[in-house]
């Protein structure tokens, strides 16, 4: 029996990151579906604090793919990118008249899954090779002559050049 090899997917996760999942998801939307070099460029120029943490996770996923599966890091794409909520640290801040204000310090778990891009690895478009000779094709018949309804192409660019020089 022949088994079709499932595409290799490599995962990296950072847990208890000190940013809210909502803020991390905004940055992850820009990375999802992109190639790794493109995703790194996007993260390098993103000014949000979560981008730094996501870049660390992306580098870890690429390192996992290169070491464990012998994949090329530049031929990977980000298949999945999501941030789940982690535990919330609850703190209190003193307020007026003996009251206390609640401070929620949220955390998240960032997960990235990378996989080889099928367009770059196995399915590379190959050049069509010319046939050696076309002696095997039958000779043209008079019925395959060009149709009389076809108009010859105009040379509009030459006219424009002549007008511009005048």
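The values are calculated or read from the model by the stated rules, or taken from the named source; none is laboratory data. What you are looking at is a predicted structure, and each value in this text was computed from that prediction instead of being measured. Don't worry about glycine lacking a Cβ; one is built from the backbone with ideal geometry, like all the others, and counts go over all protein chains shown.
Annotations for the structure displayed:
- Condition met for residue 50 (within 28 Å of residue 107 (Cβ to Cβ), in contact with a strand residue (DSSP E or B) (Cβ under 7 Å, 6 or more places away or on another chain) and modelled with pLDDT of 95 or more): no
- Qualifying positions in the range 12-31 - surrounded by fewer than 16 Cβ atoms within 10 Å (Cβ to Cβ) and not in a helix (DSSP H, G or I): 13, 15, 16, 18
- Considered as a group, the residues in the range 33-49 that are surrounded by 15 or more Cβ atoms within 10 Å (Cβ to Cβ) and touching a residue at least 40 places away in the same chain (Cβ under 8 Å) include one that is nearest to residue 80 (Cα to Cα), and that residue is 34.
- Residue 7 loosely packed, with under 15 Cβ neighbours inside 10 Å and touching a helix residue (DSSP H, G or I) at 6+ places or on another chain (Cβ under 7 Å): no
- Some residue of the range 57-65 being in contact with a helix residue (DSSP H, G or I) (Cβ under 9 Å, 6 or more places away or on another chain), within 26 Å of residue 106 (Cα to Cα) and buried (at least 17 other Cβ atoms within 10 Å of the Cβ): yes
- Where strands (runs of 3 or more DSSP E) sit wholly within the range 58-126, those with at least 2 residues that are without any contact (Cβ under 8 Å) to a residue 40 or more places away in the chain and closer than 28 Å to residue 18 by Cα occupy 89-94, 100-105.
- Of all residues in the range 19-46, those satisfying the criterion of being out of contact with any helix residue (DSSP H, G or I) (no Cβ under 8 Å at 6 or more places or on another chain) and closer than 24 Å to residue 88 by Cα are 20, 21, 22, 25, 29.
- Hits in the range 94-132 (condition: surrounded by fewer than 10 Cβ atoms within 10 Å (Cβ to Cβ) and at pLDDT 95 or above): 94, 96, 97, 98, 99, 102, 104
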